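K.L.:
Sharing a structure here in structure tokens format.
The values are calculated or read from the model by the stated rules, or taken from the named source; none is laboratory data. Computed from a predicted model, the values in this text were never measured in an experiment. Neighbour counts are summed over all protein chains in view; Cβ atoms, including those assigned to glycine, are modelled from backbone coordinates with ideal geometry.
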Amino acid sequence: MSPPGRWSRLLSAALELPGDGPPSCGAVLDLRVTSGEVLARVGASREGAHRVSLILPVLDAAQWDTVAAALGSQPLFRAHLLAGRLPVEVARVFEVLGLGLLPRGRAELVATCSCPEWREVCGHVSAVLEALARRVDADPFVLVAWRGLDRGALLAAVRAHSRAGREEAGDGGDAVPPVRVAARPLPADPAEFWCAPALPAPPGGGAAAPPGVLDGPLAPLYARLLRRSR
Ligand SMILES: [Zn+2]
């Protein structure tokens, strides 16, 4: 398992949270991570608690299939994932593919709160972000769920691509079934629909590997991805 705090530090860095932001206030109740949205209530009790929503664009089925193929082709990642672990290096695989597991900056995240003080980030949103960071450290697969795929579907796709890769190498295997992404229901409030965040950059747009990773343990994966893109 990744050392404690690594995923939450990545999340804080990705969201570019200011160090002088509003202090968190209130207890976080009912934190739920769904496809494309984190929902929570913040307050001393359910009655009168404020509702916080953190909306993040989901990846589509083709993008998840690309991710699963990349992860399934690498023995190191495959072993971690199929053992139920999500090492932080997986976030860089998404980056290399031109995708994001973590939010790609604050502009990609739409945070709202029902309190009257809400502007951009109020104390209730801060409290939910802190609670989410702790949840991510305990179970980083909540990031996968937030991006639109549940853990079981990701592991099944990685396993299928692993078998397909062995089949290509003459080791037997099965065809890869398509990744199925649960459709996210439209928001009840039309105003939420029309303030959806900007779409992420399209994948495969010549995304460069982050500096310093080409000579690390990911080097075989990058080499393979580069060959595939040519
Ligand atoms: Zn608030």
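K.L.:
On the basis of being within 16 Å of the ligand (Cβ to nearest atom) and either farther than 27 Å from Q74 by Cβ or touching a helix residue (DSSP H, G or I) at 6+ places or on another chain (Cβ under 7 Å) (or both), does P140 make the cut?
P.N.:
Here the answer is no, as P140 does not meet what is asked.
K.L.:
Same structure again: Taking V110, is it closer than 27 Å to S126 by Cβ and either within 14 Å of the chain's Cα centre (by Cα) or crowded, with 22+ Cβ neighbours inside 10 Å (or both)?
P.N.:
Numbers: closer than 27 Å to S126 by Cβ: yes; either within 14 Å of the chain's Cα centre (by Cα) or crowded, with 22+ Cβ neighbours inside 10 Å (or both): no.
For V110, the condition - closer than 27 Å to S126 by Cβ and either within 14 Å of the chain's Cα centre (by Cα) or crowded, with 22+ Cβ neighbours inside 10 Å (or both) - is not met.
K.L.:
Suppose we filter the range 96-137 for residues that are touching a helix residue (DSSP H, G or I) at 6+ places or on another chain (Cβ under 6 Å) and either charged (D, E, K, R) or near the ligand (Cβ under 9 Å from one of its atoms) (or both); how many remain?
P.N.:
5
K.L.:
Is it true that some residue in the range 13-29 is under 13 Å from the mean Cα position of the chain (by Cα), at pLDDT below 90 and not in a loop (DSSP other than H, G, I, E, B)? Explain how you work it out, then say what you get.
P.N.:
So the first thing to find is which residues in the range 13-29 are under 13 Å from the mean Cα position of the chain (by Cα), and the list is 14-15.
If we keep only those that are at pLDDT below 90 as well, we get 15.
Subset that is not in a loop (DSSP other than H, G, I, E, B): 15.
For the range 13-29, residues under 13 Å from the mean Cα position of the chain (by Cα), at pLDDT below 90 and not in a loop (DSSP other than H, G, I, E, B): present.
K.L.:
Now for a separate question. Taking R163 and the conditions (1) away from the ligand (no atom under 16 Å from the Cβ); (2) within 22 Å of E16 (Cα to Cα); (3) modelled with pLDDT under 95, which numbered condition does it fall short on, given that it satisfies the others?
P.N.:
Of everything listed in (1) away from the ligand (no atom under 16 Å from the Cβ); (2) within 22 Å of E16 (Cα to Cα); (3) modelled with pLDDT under 95, R163 misses just condition (2).
K.L.:
Right, here's the next one. Scan the range 90-107 residue by residue and report those that are charged (D, E, K, R) and buried (at least 17 other Cβ atoms within 10 Å of the Cβ).
P.N.:
R92, E95, R104
K.L.:
Of the conditions (1) outside any loop (DSSP other than H, G, I, E, B); (2) crowded, with 23+ Cβ neighbours inside 10 Å, R159 fails just one. Which one is it?
P.N.:
The number of the failed condition is (2).
K.L.:
Sticking with this one: Can you tell me which residue is nearest to the ligand (Cβ to nearest atom) among those in the range 42-75 that are over 21 Å from A111 (Cα atoms) and of a type in the set (D, E, K, R)?
P.N.:
Going through the qualifying residues, I end up with E47.
K.L.:
Further, regarding this structure: Between residues in the range 77-94 that are in the same structural domain as A14 (by TED's automatic domain parsing) and residues that are modelled with pLDDT of 95 or more and surrounded by 15 or more Cβ atoms within 10 Å (Cβ to Cβ), which pairs lie under 6 Å by C-beta distance while being six or more apart or on different chains?
P.N.:
Pairs that qualify, where the first residue is in the same structural domain as A14 (by TED's automatic domain parsing) and the partner is modelled with pLDDT of 95 or more and surrounded by 15 or more Cβ atoms within 10 Å (Cβ to Cβ): there are none.
K.L.:
Does the range 17-26 contain at least one residue that is out of contact with any Pro (no Cβ under 8 Å at 6 or more places or on another chain), among the charged types (D, E, K, R), within 16 Å of F141 (Cα to Cα) and exposed (fewer than 15 other Cβ atoms within 10 Å of the Cβ)?
P.N.:
Looking through the range 17-26, none of the residues is out of contact with any Pro (no Cβ under 8 Å at 6 or more places or on another chain), among the charged types (D, E, K, R), within 16 Å of F141 (Cα to Cα) and exposed (fewer than 15 other Cβ atoms within 10 Å of the Cβ).
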